[in-house]
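The values are calculated or read from the model by the stated rules, or taken from the named source; none is laboratory data. Small disclaimer: the values here were computed from a predicted structure and weren't measured. In this analysis, Cβ positions are derived from the backbone assuming ideal geometry, glycine residues included, and neighbour counts consider all displayed protein chains.
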Amino acid sequence: MANKREYSAADPEQTLFTAKLINVRPLVNMLRTISFRPRALCTISPVGIVFTVEDSRCIVAQAYLRTTLFATFNYNTHLAHEQNKVQQQAASFSQDREDSSESDGINEATQIVLPLDNLIECLTLFYGPSGAGSLSGFTSSHHVTGVQSTSVLLGNSNPLDLRGATTAHIAFNGPGSDFELMLEERGIISVCRLATFVPEPPVDLEFSRFPVVQQLIIRSEWLRDAFNELDPTSEAVTISISASAPYFRISTIGSNGSTEMTYSKDEKILDSFFCNVEQENRYKLSQILKCKQALAMSDKTKIRVNQRGFLSFQFMIPTDVDVSFVNFVYAPLLYADELVDGTETHCV
């Protein structure tokens, strides 16, 4: 019979990152909201973890996991600084550049690319995609593409009783290392190791580069109703925010006809409203609908539009221990005669 100590979490003092989750479901739910791409950029820092996914240089989605979501969260900033310094020096050397003052700007955050679909598959090993419990007690060893995983049954004396909640210990020791998960539920443990990848420069839609000219906070139930009414045959959705009625409008035109939803500034609908410049912008509908899972889980949604028409949806998602956030940023649909200053970041 395997000893539980063989699967104990790594020593935080000797490891770049270790954390513990009492229940993996909030993490799984957050990851599923951005799982429209197979890989995600994972940024670990002293304030938490951010998973980032982008598609076609038109949409960037980020799931923010603050340290309060974890029972324990240990990030070795000193080790991270040293690892980042070595990486930066190697990059400078490979590009025949001298490492003069560049080391002054070394970031304490650690970035890796993870197979997002495999990560979710590992985290849901015990209860499956449907959320139902799937293991009652067994010993097994199996291999998932890109993942090494082993499950072992502990002795009956195991005092852990989480009533079906899957506990997770996470460990990562820096670039080149596997991302390790130790999952435990009702006396069964599974150790998974996911291969990590070197990140490429992330796509930045530079939402903050231009000032926000429109902002509102809407109860998510109203936005869910609007999304359910959108004509799926439409290629684009138009979002209009105005200082006068109709204050907030969402519309589509497709082969089935046109659909339009308007909203007043009623406090039962909007918690806040700000419009400095009236704008009407079009976005690719198929990209907009990628946020539906995050919208379905959220209580409120903050909508912001900057001066160039870039759109941000920030979803406030409650969990058992804290409120988490998922953010989607969209580039507007622009035509050649509408481009300003030669800007190339747009969807066509």
Inset, instruction - Would you please name the residue that is nearest to Asn281 (Cα to Cα), looking only at residues in the stretch 317-328 that are surrounded by fewer than 22 Cβ atoms within 10 Å (Cβ to Cβ) and touching a residue at least 60 places away in the same chain (Cβ under 8 Å)? - result: Asn327
Inset, instruction - Considering each residue of the stretch 195-238, count those that are closer than 22 Å to Gln293 by Cβ and not in a loop (DSSP other than H, G, I, E, B), and give that number. - result: 17
Inset, instruction - Report yes if Ile49 is assigned to a loop (DSSP other than H, G, I, E, B), aliphatic (A, V, I, L, M) and closer than 21 Å to Met297 by Cβ, otherwise no. - result: no
Inset, instruction - Select, from Leu135, Leu114, the only residue that is at pLDDT 60 or above and surrounded by 16 or more Cβ atoms within 10 Å (Cβ to Cβ). - result: Leu114
Legend entry - strands (runs of 3 or more DSSP E) (entirely within the stretch 262-327) containing at least 1 residues that are touching a Phe, Trp or Tyr at 6+ places or on another chain (Cβ under 6 Å): 279-284, 300-306, 311-318
Legend entry - Hey, Ala245 free of Cβ contacts under 8 Å to residues at least 60 places away in the same chain, more than 28 Å from the chain's Cα centre (by Cα) and more than 23 Å from Arg57 (Cα to Cα) or not: yes
